[in-house]
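Enquirer: Starting off with a structure, shown below.
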């Protein structure tokens, strides 16, 4: 626990102001033994005059040879390294406790929970706004599409935010925590105008800003998990983190509905700021840095101070040396659009965008069904979303069982034969999950009638979650493995495209369902998903051909 507090943002501040006397790192303790190789570069340079006789030359060569031999003996663990390598600060050993991948299971689990909680508190901000829409319409005399922009702009904001904020997390002197905490603080501050503003345009504008600043948790929470967990455990852990992603927009209408009904449209925003303020304090105190290059950068700083050897640096510092912030942003913004033209990524972006957009249409369809047909009040109309939460947990269990008993044995057999499973095998579970989407839409659309019990459309809608969860898990894993050198860019592009598509759908959702009818409108969406399934299957079947033709993808 002491290490967690020391590595948190508050712990870092305490360590800095106390000059390492409080919450010290190993390098700041009196009993720390400096690795000899970090002192080698400080050996004094000889001031002897230049030799001019053969005898002096011979003596000089023998002295130099003795020095080299002595250096090798002193630093036998690095005997094959160059001088430049000797100056690189890395992990002290394979089991270095400061390496996040060497943390105890309990510590990693606690940090994973903290990141999941941060993601949940950020994501809940999208749908917690929806119970406020009727009150906002009445208070500001605005139309439904215009008021719904508060949901649209928030979703669009956390789609565009990673293009600017995520690259900052890969700067070694900043790391993940600096961006997480700074953006979360601004997220809280910019929520204040959403319940104090006297006009709707101000509220809508700050909904976009808050969506923008909540985006790091949504975009790079999975990357934080990969900092700590090995590849064979990563799918399970990211699946758990995805529960926080799912739970946010699901719980939002539940906790906001009764507050908006009893206390007014501002109260869901009050609840959001209370929740995120608690999250901010909790994480400031208990969320440690997980980004390896940043941890090593700070270690190099401490060793430079301790030894006086200014040549010491981490590998991350050297890799980014000379690269300006402008170049970093240019690469981060342009590369996702360049990669998006790849056929594989184009399909992934469009398909997940469509799946994600339908998910946000539920926020327009549920009031039509449970308020207009089943006469639920504003508070009760959020309760059907709990069905999504139940099916989300069931989906994760099914996914974990698939990984454990089907995917991993195949992977082990392939490795034992000197091969690797093709990335396209990751798409199998997504294709199976895709079947749940039309089934869900058909049941919900045609069961939403007064003569059918309200539990039936809830069950029908709940079938949608396995579809979206398994699709996300399979497709995002697939594109990350297929484009390992550009994983950050392809994920940022996917986030931007799917959030942009999803943000537009709520604007016409109610009109769409009212004009066509719940059954026909749901059937149309189900039909589109069925049409896209053969394309999904084709990608799984012939995706390797597209990868071989691409100059960005791995073979």
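Here, each number is a calculation from the coordinates, and none is a lab measurement. As the structure is a prediction and not an experimental result, all values here were calculated from the model. Reconstructed Cβ throughout: ideal geometry from the backbone, glycine too, with neighbour counts over all protein chains shown.
Enquirer: Gain in length, residue 452 to residue 310, computed as 0.36 nm per residue apart minus the alpha-carbon separation, to one decimal in nm?
Expert: 43.6 nm
Enquirer: Suppose each label sits 7 Å from its Cα in the direction of the beta carbon; what would the residue 405-residue 140 distance come out to in nanometres?
Expert: About 5.2 nm, to one decimal.
Enquirer: Post the alpha-carbon centroid distance, region 210-285 to region 286-312, in whole angstrom.
Expert: Taking the Cα centre of each part, region 210-285 and region 286-312 sit 30 Å apart.
Enquirer: Any idea what angle helix 292-307 forms with the longest principal axis of the chain, computed on alpha-carbon atoms, 0 to 90 degrees, nearest 10?
Expert: 30
Enquirer: Considering only C-alpha atoms, what is the centroid distance from region 134-202 to region 355-381, in Å?
Expert: Measuring centre to centre over Cα atoms gives 23 Å.
Enquirer: If I model a spin label as a point 7 Å beyond the Cα along the Cα-Cβ vector, how far apart are those points for residue 240 and residue 337 in nm?
Expert: Roughly 3.9 nm, to one decimal.
Enquirer: Now for a different question. Using a simple spin-label model with points 7 Å from Cα along the Cα→Cβ vector, what separation in nm is obtained for residue 5 and residue 233?
Expert: 2.5
Enquirer: Next question. Which angle between 0 and 90 degrees, to the nearest 10, do you get for helix 175-189 versus the longest principal axis of the chain when only C-alpha atoms count?
Expert: Relative to the chain, helix 175-189 is tipped by roughly 40 degrees.
Enquirer: Taking every pair of alpha-carbon atoms in region 72-223, what share in percent sits in each 5 Å bin, from 0 to the bin with the longest distance?
Expert: Bins of 5 Å from zero give 2, 8, 14, 15, 13, 10, 9, 7, 6, 4, 4, 3, 2, 1, 1, 0, 0 percent of pairs.
Enquirer: Where in region 332-363 is the amide nitrogen less than 17 Å from a point lying 7 Å along the Cα-to-Cβ axis of residue 511?
Expert: 361
Enquirer: If you rank 91, 265 by fewest surrounding Cβ atoms within 10 Å, what's the result?
Expert: Placing the least packed residue first, the sequence is 91, 265.
Enquirer: OK, next. Rounded to a whole number, what is D in µm²/s for the chain from Stokes-Einstein with the Kirkwood radius over alpha-carbon pairs (10 °C, 1.306 mPa s)?
Expert: Approximately 61 µm²/s, per Stokes-Einstein.
Enquirer: In whole Å, how far is the Cα centre of region 500-541 from that of region 470-486?
Expert: Taking the Cα centre of region 470-486 as reference, the centre of region 500-541 is 23 Å away.
Enquirer: Taking the convex hull of the alpha carbon atoms in region 265-400, what volume per residue do you get, in Å³?
Expert: 243
Enquirer: Compute the orientation-averaged projected area for region 102-313 from the convex hull of its Cα atoms and round it to one decimal in nm².
Expert: 13.2
Enquirer: Also, I was wondering about something else. Wrap a convex hull around the Cα atoms of region 140-220, take a quarter of its surface area, and give that in square nanometres.
Expert: 5.1
Enquirer: Please give the direction-averaged projected area of the C-alpha convex hull for region 328-555, in square nanometres with one decimal.
Expert: With every direction weighted equally, the projected area is 14.0 nm².
Enquirer: For region 219-236, list residues with backbone N below 17 Å from a point placed 7 Å from the Cα of residue 412 toward its Cβ?
Expert: 231-236
Enquirer: Going by alpha carbons, how many degrees (0 to 90, nearest 10) lie between the helix axis of 487-516 and the longest principal axis of the chain?
Expert: 10
Enquirer: Largest first, please: the extent of the C-alpha atoms of region 348-429 along each principal axis, to the nearest Å.
Expert: Taking max minus min along each principal axis of the Cα atoms, region 348-429 gives 61, 27, 14 Å.
Enquirer: Right, something else. Run the numbers for residue 192 and residue 350: contour at 0.36 nm per residue of separation, minus the present Cα-Cα distance, in nm.
Expert: Gain in length upon complete extension: 53.4 nm.
Enquirer: Calculate, in nm to one decimal, what residue 96 and residue 554 gain on full extension: separation in residues at 0.36 nm each, minus their alpha carbon distance.
Expert: 161.7 nm
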